[in-house]
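Here's the structure, in structure tokens; my notes come after.
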Amino acid sequence: MKTMFKSWVFVILIIIIMGSMVFGSVSCCNLFGIGKEQNSGYSISEDNSNNEESVTVENPVYEDREIKYFFETVFGAEYGDSDYAVHKWADDIRIGVKGNPTEEDLETLDEVIFELNYLIDDVNLAIVNRNSNIQLYFDTPSKFSSIEPNYMPGNSGFFWAWWDGSGNLYKARVLIAAEGITQDERSHLLWEELTQVLGIMNDSYEYAESIFYQEWTDVQGLSEIDKAVVKILYDPRIKSGMSMEEVTEILYDKG
């Protein structure tokens, strides 16, 4: 019995030892499997990065009438001297409000700023309490000449802007009559003068619905062609100081 008992014990020990070796080898194989999956994952990731498709951003294309209107309203100026070159803001526009605006004036101003910020990517417009580079005055026309010596009498809305040697606008004054006109007319002038001070300095007889229309109107907001002119002016390809010929070459480039 003792001999048989020892034999059984010996057999059981053999089984335990063999089972341990088997489970140990399975565990070892799982470790190598994880390692291969990690290597495989790295390889796939590497292949994907090598096969990424390049994304080409196409330049915007403008209609002929939009380009023509851009040339008419941007090159030259309604008042003062002009070098017939592009002038635009390179830095953010900080508007300081002065004088006696009505509540409706301030609401319109917010609308103008919101619209222009939507149309322009690289320059942001905002109202500030100090360090303004555009001073916006709501005052009586009789005081306009003392506020801005270049003011042309007879205008209920007026702006005067300065540019540097590169053609970048860096300072401006905008004058809006606080009396003698209706609220709708004053709101119209806010839209017109603040859009024109971006570098769109000419009026036109071409489109009656345009904010740049030469005749007296009270149009509220920008027409679609007005928006196109703003977009063209602040297209990153268009630089301050460019001539009409240089801009033409860019806008009609089919490449």
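The values are calculated or read from the model by the stated rules, or taken from the named source; none is laboratory data. Everything numeric here is computed off the predicted structure, so don't read it as measured data. We place every Cβ from the backbone using ideal geometry, glycine too, and count neighbours over all the protein chains shown.
Being among the β-branched types (Val, Ile, Thr) and touching a residue at least 60 places away in the same chain (Cβ under 8 Å) is the filter; apply it to region 96-112 and report the residue that is surrounded by the most Cβ atoms within 10 Å (Cβ to Cβ).
Narrowing region 96-112 to residues among the β-branched types (Val, Ile, Thr): 97, 102, 108, 112.
Checking which are touching a residue at least 60 places away in the same chain (Cβ under 8 Å) leaves us with 102, 108, 112.
Values: Thr102: 13, Thr108: 23, Val112: 21.
Per the stated criteria, the residue is Thr108.
Of everything in region 173-182 that's under 18 Å from Thr195 (Cβ atoms) and in contact (Cβ under 8 Å) with a residue 40 or more places away in the chain, which residue is surrounded by the most Cβ atoms within 10 Å (Cβ to Cβ)?
That would be Ile176.
Looking only at region 213-239, which residues are assigned to a loop (DSSP other than H, G, I, E, B), at pLDDT below 95 and buried (at least 17 other Cβ atoms within 10 Å of the Cβ)? Spell out the reasoning first.
At the first step, the residues of region 213-239 found to be assigned to a loop (DSSP other than H, G, I, E, B) are 214-223, 234-239.
Then keep just the ones that are at pLDDT below 95; that gives 214-220.
Selection gives Val219 alone.
When you look at Leu198, is it assigned to a loop (DSSP other than H, G, I, E, B), on the phi < 0 side of the Ramachandran plot, in contact (Cβ under 8 Å) with a residue 60 or more places away in the chain and among the hydrophobic types (A, V, I, L, M, F, W, C), yes or no? Break it down stepwise before answering.
On the way: assigned to a loop (DSSP other than H, G, I, E, B): yes; on the phi < 0 side of the Ramachandran plot: yes; in contact (Cβ under 8 Å) with a residue 60 or more places away in the chain: yes; among the hydrophobic types (A, V, I, L, M, F, W, C): yes.
So Leu198 fits the description; yes.
For the structure I just gave you, tell me whether Gly180 is over 15 Å from Ile95 (Cα atoms), more than 28 Å from the chain's Cα centre (by Cα), assigned to a loop (DSSP other than H, G, I, E, B) and small (Gly, Ala, Ser). Break it down stepwise before answering.
Values: over 15 Å from Ile95 (Cα atoms): yes; more than 28 Å from the chain's Cα centre (by Cα): yes; assigned to a loop (DSSP other than H, G, I, E, B): yes; small (Gly, Ala, Ser): yes.
So Gly180 passes the test.
Tell me yes or no: at least one residue of region 137-158 is within 26 Å of Ile238 (Cβ to Cβ) and in contact with a Lys or Arg (Cβ under 7 Å, 6 or more places away or on another chain).
Scanning region 137-158, I find no residue that is within 26 Å of Ile238 (Cβ to Cβ) and in contact with a Lys or Arg (Cβ under 7 Å, 6 or more places away or on another chain), so the answer is no.
Can you name the residue in region 94-108 that is of a type outside the set (Val, Ile, Thr) and in contact with a strand residue (DSSP E or B) (Cβ under 7 Å, 6 or more places away or on another chain) and is also nearest to Asp235 (Cα to Cα) among such residues?
Keep residues of region 94-108 that are of a type outside the set (Val, Ile, Thr), which gives 94, 96, 98-101, 103-107.
Now restrict to residues that are in contact with a strand residue (DSSP E or B) (Cβ under 7 Å, 6 or more places away or on another chain): 94, 96, 98-101, 105.
Values: Arg94: 21, Gly96: 26, Lys98: 31, Gly99: 34, Asn100: 35, Pro101: 32, Asp105: 29 Å.
So the residue we want is Arg94.
Any idea how many residues of region 207-246 are within 25 Å of Thr182 (Cα to Cα) and more than 18 Å from the chain's Cα centre (by Cα)?
Adding up the residues that qualify gives 16.
Residue by residue, here is whether (1) crowded, with 20+ Cβ neighbours inside 10 Å; (2) within 22 Å of Ile93 (Cβ to Cβ); (3) in contact (Cβ under 8 Å) with a residue 24 or more places away in the chain; (4) among the charged types (D, E, K, R) holds:
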site: Ser132; (1), (2), (3), (4): no, yes, yes, no
site: Tyr137; (1), (2), (3), (4): yes, yes, yes, no
site: Glu148; (1), (2), (3), (4): no, yes, yes, yes
site: Ala161; (1), (2), (3), (4): yes, yes, yes, no
site: Lys171; (1), (2), (3), (4): no, yes, yes, yes
site: Ser187; (1), (2), (3), (4): yes, yes, yes, no
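Among (1) touching a residue at least 24 places away in the same chain (Cβ under 8 Å); (2) within 13 Å of Phe70 (Cα to Cα), where does Glu224 come up short?
(1)
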